[in-house]
1. Could the peptides 157-169, 110-122 be put in order, highest first, of the mean number of other beta-carbon atoms found within 10 Å of their residues?
2. Which Cα, out of T179, M218, I133, lies furthest along the positive dipole direction of region 2-257 (beta carbon charges, K/R +1, D/E -1)?
3. Taking H as built 1.01 Å from N, whose amide H comes closer than 5 Å to the amide H of I149, not counting residues under 5 places away?
4. Compute the Cα gyration tensor for region 112-158, then decide on rounded, prolate or oblate, letting a ≥ b ≥ c be the square roots of its eigenvalues: rounded whenever a/c is under 1.5, prolate when a/b is larger than b/c in the other cases, and oblate in all that remain.
5. Once label points are set 7 Å from the Cα along Cα→Cβ at both L95 and K293, what is their separation, rounded to one decimal in nm?
Amino acid sequence: MDTIASLFSFITWPVSWVIVQFHTLYGAIFGPDTGWAWGLSIVSLVVLIRICLIPLFVKQIKSTRNMQVLQPKMKAIQERYKSDKQRQSEEMMKLYKETGTNPLSSCLPILAQSPFFFALYHVLSAIASNKKIGVIDQSLLDSARQAHIFGAPLAAKFMDSQEKVQALGASLMDVRVVTAVMIVMMSASQFFTQRQLMTKNVDLTVKTPYMQQQKMLMYIFPVIFAVMGINFPVGVLVYWLTTNVWTMGQQMYVINQNPTPGSKAQDQYLGRLLKSVTAHGEVRGRTRRNTVKRIVAKGPDRNDIERKFVTGLAKLGLAAQEDGTVIKSETAVAEAEGGAAQRRQQPKRQTKAQRQTGAAQAGAKEADSTESGSKTSLQKRDAQDAQPKPAGKPASGSSRQAKSGQRKGPQRPKHPSKK
């Protein structure tokens, strides 16, 4: 870890400078040597970095959604060019280019944070070793070594020895309890973040291997964080716990305000939007109007959740417009009532047992009707035979008495040569 951190030593100076500036601010409030001053400085560093990374987070959201939409097409390409890996890669790149999707965009926030993370780790390791680094001089170094968060020094680790922890002015029990609690919280926040993404913000109508991969990562990432966390100083755990909580809150906001189409979150969001329109008679807010605008623009390509929302507006006598607003419309009410009546007239879906029973009953009825029909025809024929025949006409049975092979009706005269 120290070797990796040294690779990002070029950024340790700006990171240490930012921490010192925040420490000056919080030190005037809580005291320069307190854990609150140094801990809040690290938290403020995280918040500053994450604010700067918001544009990358937006790209990450768009890329993740595009990848979810493209999964069926990607799978079809893989099946089609299974034996030609080069052609498969070319078709994949062509698909990415046509849709404007960058697979690496989903990793941009993590990649962008990595230099700051390792730089902070390098700074805290130097504090633990009593070495000056960046803008942190000897006086700041002594102050940082005295700072404790719930009894654990900023530079202490879970795996540190008793002697090293005592040199920092703390007990091994306090250090391990604090670091263990922070590791559990860090892993739990990572798991909850991934879980709410899978359970609420995924299109449930599309079943792809991508979803299975995400489910695996939901359980793998917390384990990775737990294993790595035992080697992180307390200050780095504060950093990582803060960034996980920020990611969880940021994702929660995105899921509630801009959910993935076809997901459970979209159903909940459009339900809240329909209630708001019912209460106020209009679409309030630019974000909500943009949502309605996108639904209108889709036309027949709307998913079931979006069609349910449009139908709900129609039942209220409202029709969504291209600019995202709604207007009163009697036609919408009539269409909604007609659609509801048509849906009511549709037969209910039967089970397999019910279909087999119905088929057996239909066969029995058909057999009964055939038998009764044959009896009726026989009765009619007997009645016709019992009726007297007019004179000059042969009986109906005479035709049956004709010789085999003899043509019925008037016969042609035979040729003289055949007499």
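1. Working: 157-169: 15.8, 110-122: 19.4.
Ranking, from highest mean packing down: 110-122, 157-169.
2. The one lying farthest along the dipole's positive direction is M218.
3. Those lying under 5 Å, H to H, from I149 are L154.
4. Working: a/c = 2.19, a/b = 1.21, b/c = 1.80.
In terms of gyration-tensor shape, oblate.
5. Inter-label distance under the simple model: 3.1 nm.
Since every read-out is calculated from the coordinates, none of them should be taken as a lab result. Predicted, not measured: the structure shown is a model, and the values here were computed from it. Backbone-built Cβ (ideal geometry, glycine too); neighbour counts: all protein chains shown.
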